[in-house]
Every structure is written in structure tokens, then in C-alpha cells.
Amino acid sequence: MNRNYILLTVLMLVLAVGTLFLTTDDEPKQIAPEELLQQIIQPTRYVTTDQVAKMIIQGDPSLLMVDVRSADEYDEYALPGSVNIPLEELLNEGNMGYFGVPGVKVVFISNDDIRADQTWVLTKRLGVDGTYVMKGGLNCWMQTIIEPSQPDADAPSVDHALYAFRKGAQIYFTGAESATTDDGNVEVQVRRREKTNVAAGGC
Amino acid sequence: MHIHERNPWRTLIAVSVFVVILVIGFLTMPKPLFEYEKSMDESIEALLNGEDYFYPWELEDVIANKPDSIVLFDIRDNFVFGQGHIPGAENLSASTLADPDNLERLTALRDMGVSIVLYGENELQANGPWMFFRQVGFNNIKLLLGGYEYYKANEDDLYSTIDDDAYFSGFPRFNYAEMAAPKDGSELNADQDNKPVQVRRREKTSVAAGGC
């Protein structure tokens, strides 16, 4: 056989072996670290308890609250309509399907905001957009929504307007003297992830 | 007869040029600034174990003795830093973390085995940068619990905060269920277990989903 063909064959084999080393990365798809750092140092991911309360009360269908506390804590008390994904189960089969749905805002909730922020960083590393952190977490929720404190009489009028909103939200969430607390906020339209492994349809 | 069989050197030259170009390509491939050195699973495990925190009471020693083995970095912006900071801390604003000079400094400190303590106004502010550096292989970076706010409130007697738990995050400070219980005495969460929470999930669109 011609020497040149042998040479070319050997070269192709070497390159083929080379490609094996290119695909050692078995991690799921993730964004470049530089990009992650850029996202991390921006404070745009925080939403206040008031904003979350408002979205729940208005029945905003684009809101998905993800409670990252343990299952026990979640069972004891959770915001209406929230789903439970503890941090240790974040990567479990199917859980990532909750994130990155176009038009859905995912708000992470924990006791304070640290664990929620950690979850935010981890999902951001996986390239998920549209996720937020409820600043202050449930501790802040209790202080602002469930038991809001009254501003001083000479406080700015925005403080009084905020207090009025919080008192209304308190009634909504604690169910005091209001019969309509249970409707509207849980019935979110179902659209589960569809398995389309088999080519569907066709006329 | 093929053309290169008439001149065997032609093939050899072409192959050599090809190989040289490949080698040059690999050698000059831009090296990324950072690379993940912790996988997702390792990162989650480290967070669950509560590793790599720096406690406020440990500051007492750092402020008094200024050991060479620990450096404090304040990630708040320069203006706020100027209004007050932990004695001995250096300013390293979050927005300048990826600057070449700062990275060089951080890498040098890591190679010397110096511990770096990051802090922001509160724990939340420094949490992101801290997590980031842990994931890209800076295992000497720690996070100051409580942040500057807690330090400021307790700066007169830092050592006594060893018995305090106010700077720990992740704990409920109230009995939520009791606080949020309906004022009319009915059970708020009674029907929550049975009520299916229905959510939209992302659809897989990788396969062409037929249709007309």
C-alpha cells in the first residue's frame, strides 16, 4: 500500500483519539463562569415581600413560588401556591423542568434569603433565566405582611400607603374576616412538560 | 494514477502543514479566565455542610493581631467603604472582582495559602461572590457571617458573640404557622396537603412535534 495512505490513516486515528479527550465534561450545560459572575454582582434578582404578596393576591399566573426549605418546614407552613424543592433535591430528576419556562417568574423562598440566594446562584450557573429571590424570606414575610408595624404619624405618606396595603394583605393571608381567601391563588393552569420522544401527529 | 502518487512529497507537505495549523490552534486557544472546579453536586454538598464560614467572634483576633494568614476584603463599593469598614480590611468592590489586577492578587494570596474573608453590608451581599469563587477553585475564601451590619452592631464586644446565634442564617425566627393562623380560629393549612399545586413546566422542544 502507498506510504501516503498509511500516513493519512494514522493521522486520522490520532485525531479520532484526540476527540475523546474533548468530551470528558459530563456536567449538565452551564454558562461560562465570567457570565455567572456578571449576573451575580447585579442586585436585580431581589423582589420584596410586598411584591410577592401583591402577585399572589392578584392571582398573577406568571408567578411560581419555589420553597427551598426542608420538606418538614414546608409542611408546617408555606405560602399558598408554593412548591417545595429543598436545596438537596434541586438536581433531582424533573425538578429543573420548573425553571426556565418562558413567561414564568420563579421566586425562591427560604427562612431568610441566604438559602434562596444560593439556589439562585446554582440555577443561574445552569443557565436558567427568570428566577428571583424573595428578599428577607419568610422571616421578613411575617414582619411585613402577617404582622406589619404601623408607621409613625409623621412618616411620609408612602409609608402609610404601604402600611394600608400590608394590612389588607394581612387580612387576605390570615383569613381574618374575609371569606374569599382560598380562591384564585392556587388554581394555576396546568401545562406539564410533555414527553415528545416519539414524533407526534402528522396528517 | 493519482496526482499525489506522482509526487509523494506533495501529500507529506500538505499533511505537515495541516498538523502544524492544528497544533498552533490548540496552543493559542484563549484560556478562559475561570473554570468550574466544583461540580454542581459538590457545590450543593458544600452548602449543605455549612462549610467555609468565618464567624464574627474570630474577627477579634484578626483586628487585634493582624495575622498575615488572613486578609479581609470588603466587597461594598468604594464610597460606602470610605464611610466605615472593619479595621484592616481592603476594598474590593463587587464590580471589580474580575479585574486582572484583583484576580492576580487573589491568585497570589491563594498560592501563598492566605485565607481570604469576604464581607458585604450583610451576609446576602457577599453570598454570591463567595459562592462563585468557591466554585472556580478558590478554596481559601470564606464568608463573614452577619456581614458588616452585625460587626458594626457588636464591634465593642465581638468575642461575646460566640454565644450569640443571631448571625446564623437559615432559621425561622418566628413560629410561622402560629403567627399566620387565621384570626377566626379556623385552620389555615388544613386543606393545603390535599390541594394539588399545579404548575407549568418547561416543554421539551428538542424533537419536532409533527403537525400540519
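What follows is calculated from the coordinates using simple rules that are stated; it is not laboratory data. Bear in mind the structure is a predicted one, so any value in this text is a computation, not a measurement. Glycine gets a Cβ as well: all are built from the backbone with ideal geometry, and neighbour counts include every protein chain shown.
Mind listing which GluC sites (Glu not before Pro) in region A:68-176 are in a DSSP loop and have 16 or fewer other Cβ atoms within 10 Å?
Details: sites: A:Glu73, A:Glu76, A:Glu88, A:Glu89, A:Glu93; in loops: A:Glu93.
Here the GluC sites (Glu not before Pro) that fit, given the DSSP loop and packing criteria, are A:Glu93.
Each label was represented as a point 7 Å from its Cα along the Cα-to-Cβ direction; for A:Asp72 and B:Ala64 these points are 3.8 nm apart. Note on B:Ser39 and A:Leu20: their simple-model spin labels are 2.0 nm apart, each label 7 Å out from Cα toward Cβ.
Could you list B:Leu144, B:Leu12, A:Leu13 so that the one with the fewest beta carbons within 10 Å of its beta carbon is first and the one with the most is last? Working shown, then result.
On the way: B:Leu144 28, B:Leu12 14, A:Leu13 10.
Fewest-to-most Cβ neighbours within 10 Å comes out as A:Leu13, B:Leu12, B:Leu144.
Under a 5 Å amide H cut-off, with hydrogens placed 1.01 Å from N, B:Ser115 pairs with B:Ile70, B:Val71 among residues at least 5 apart or on other chains.
Applying a DSSP loop filter and a limit of 12 other Cβ atoms within 10 Å to the trypsin sites (Lys or Arg not before Pro) in region A:5-73 leaves A:Lys29.
Once Rh is set to the Kirkwood radius over Cα pairs, what Stokes-Einstein translational diffusion coefficient, in µm²/s, holds for region A:95-141 at a temperature of 4 °C and a viscosity of 1.567 mPa s? In µm²/s, the coefficient rounds to 120. Once the C-beta distance of B:Phe26 and B:Asn102 is scaled by a Förster radius of 30 Å, the resulting FRET efficiency is 0.55 to the nearest 0.05. Counting Lys and Arg as +1 and Asp and Glu as -1 over every other residue whose Cβ lies under 15 Å from the Cβ of B:Asn49, the net charge comes to -2.
Over all distinct Cα pairs, what is the inverse of the mean 1/r for region B:51-157, reported as the Kirkwood hydrodynamic radius in Å?
On the way: mean 1/r = 0.0727 Å⁻¹.
Taking every pair of different Cα atoms in region B:51-157, averaging 1/r and inverting gives 13.7 Å.
Counting only the backbone N, which residues of region A:112-127 are under 15 Å from the spot 7 Å out from the Cα of A:Ser62 toward its beta-carbon? Those under the cut-off are none; the list is empty.
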